[in-house]
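The values are calculated or read from the model by the stated rules, or taken from the named source; none is laboratory data. Note that the structure is predicted; figures quoted are calculated from it, not measured. Ideal geometry is used to build each Cβ from the backbone, glycine not excepted, and the neighbour counts take in all protein chains shown. When the accessible area is computed, the model is the full protein with side chains, heavy atoms only, and any ligands, DNA or RNA have been set aside. Shrake-Rupley method; radii C 1.70, N 1.55, O 1.52, S 1.80 Å.
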Amino acid sequence: MRKSRHSAPPPLTAAFDRGPAKYFHGRKEILSNFNELTERAVQAKSGTTFLIQGAPGAGKTALLEECEKMAKDQGWKTAKIDPPALWDPEALRDFLGLRKFSITGGSLQLGPKNVASAAITVELTSRTIGKILRKGKQPLLLTLDEAQTLGTTSAPPSDQTRTVTNVLKAIHNGNLNYPVILMAAGLGTTVDAFESLGISRFSGKCFVELGALSKESERAVIHDWLKKDGGAKGDPEEWIDAIAQETHGWPQHILSYVEPAGRQLDAKKKAMTTEGLNAVLEAGRVFRSRYYERRADGISRKQRRSLAKLIADVPLGEGLDKEDIMASLAQEYGPDEAKKLFRKTLHRGILHRHGGIYAVPIPSMQDWLVSNYAHIQIKSPSQTVGLLGSGGRHMGPEIGR
């Protein structure tokens with residue numbers, strides 16, 4: 001008997017800011033598109049790639065989990081994979097829970113797990129992975145998180161690039177004669193990583209630029225944390241209003257505030273006091289700043305100052321062209337170092353590409369960077385346009401409310 005999608009939410013892990021969302025709301029259009037894709041895939045006995053791209057903390061991993069639950073309810077087999085599954089048949093078998101095998105002398109043999117012989121050709125390895133994917137009796141959903149790591153210097157190894165390209169094309173073009181969908185999620189460079197491996201065209205409904213939650217969805221998530229998880233007594237609207245002003249529809253930030261909210265509710269016997277709310281907001285801001293520090297890890301203080309000066313005069317909700325960013329950084333660091341720093345800001349989520357321009361993905365993150373490293377306080381307009389959208393949401397509101 002299949003579990004209902006509306007069963008009790010999963011317990012949180014120790015790293016509760018990643019993984020399945022305890023309280024999930026919104027993303028309705030994305031889930032509808034994914035549901036339509038799985039139905040079409042079964043009818044056509046085919047498959048493709050479904051790509052989710054977004055800034056850190058936008059809720060990509062939680063969305064993967066929701067889609068995985070949806071697929072399971074429809075009778076699909078699901079498997080979380082890491083990049084090696086795309087070039088190593090044994091790794092793929094591990095992720096699928098299948099028997100181990102070894103490859104020796106150009107042929108497949110059941111036996112202990114060992115390193116594949118260097119004599120095995122790319123073609124044979126690709127065909128082997130294709131055979132593994134075709135063997136299942138159920139439609140198969142593969143989920144790959146942190147997919148921006150593909151196409152880098154270490155993933156895949158240089159001698160396996162062709163293998164990965166062949167495997168990705170077989171899945172993406174539906175050439176496995178069986179419903180297989182690869183659902184990949186990663187930062188704003190993920191689509192570039194796939195393009196470097198030969199996958200450059202995605203169906204409109206199979207490519208998602210994940211932004212902030214809508215106001216309605218954001219408030220629903222905060223409400224559930226306060227009432228269902230925290231057991232808050234009375235009307236939570238004042239607390240919801242105050243927290244939502246700080247979180248900008250960003251799922252990761254919501255978690256930064258609801259954890260101290262739970263502690264305050266426990267300390268005040270579930271009463272929502274003004275004193276308790278002030279403590280929640282103060283603690284949430286501390287957690288939020290620590291998160292930004294983690295995102296900027298590996299970027300030196302001097303480099304942060306350079307970035308802060310670069311964006312200090314950019315209004316919240318607007319961004320810069322790559323050419324302007326590179327020209328500014330090159331003046332300080334030279335062309336080669338400027339390229340390295342630019343790539344680092346993308347990989348660390350300090351900058352995010354959306355609609356062809358580059359911006360800091362969260363208003364409070366831009367404020368943090370400028371305030372701490374450019375010594376200029378951003379003046380946020382009450383209503384901004386462009387990427388910010390209504391309610392101060394940077395990089396666009398939720399897709400599909």
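Between LYS205 and THR274, the simple spin-label model (points 7 angstrom out along Cα→Cβ) gives 5.2 nm. What shape does the stretch 296-353 take by its C-alpha gyration tensor, where a ≥ b ≥ c are the square roots of the eigenvalues and a/c under 1.5 counts as rounded, a/b above b/c as prolate, and the rest as oblate? Rounded, since a/c falls under 1.5.
I'd like the carbon and sulfur percentage of the solvent accessible area for the stretch 200-310, probe radius 1.4 Å, heavy atoms only, ligands and nucleic acids excluded. It is 47 percent, rounded to a whole number.
Once both labels are positioned 7 Å from their Cα atoms along Cα-to-Cβ, the gap between GLU237 and ASP73 label points is 3.1 nm. For the stretch 133-181, the carbon plus sulfur part of the accessible surface works out to 46%, probe radius 1.4 Å. In this simple spin-label approximation, ASN372 and LYS228 carry label points 7 Å from Cα along the Cα→Cβ vector, and these lie 3.3 nm apart. Were the residues from GLN245 through ASP159 laid out at 0.36 nm apart, the gain over their Cα-Cα distance would be 26.0 nm.
Full extension of the chain between GLU39 and LEU320 gives 97.1 nm of extra length, using 0.36 nm per residue less the Cα-Cα distance. Rounded to two decimals, the Cα radius of gyration of the stretch 228-330 over 2.2 N^0.38 Å is 1.42.
For the stretch 249-382, the solvent-accessible area works out to 49 Å² per residue, with a probe of 1.4 Å and every protein chain left in place.
State which entries of LYS69/LYS344; LYS69/LYS169; LYS45/LYS69 exceed 29 angstrom in Cα-Cα distance in the structure shown. Distance filter (> 29 Å) returns LYS69/LYS344. Applying 1/(1 + (r/R0)^6) with R0 = 35 Å to the Cβ-Cβ distance of VAL122 and LYS80 gives a FRET efficiency near 0.85.
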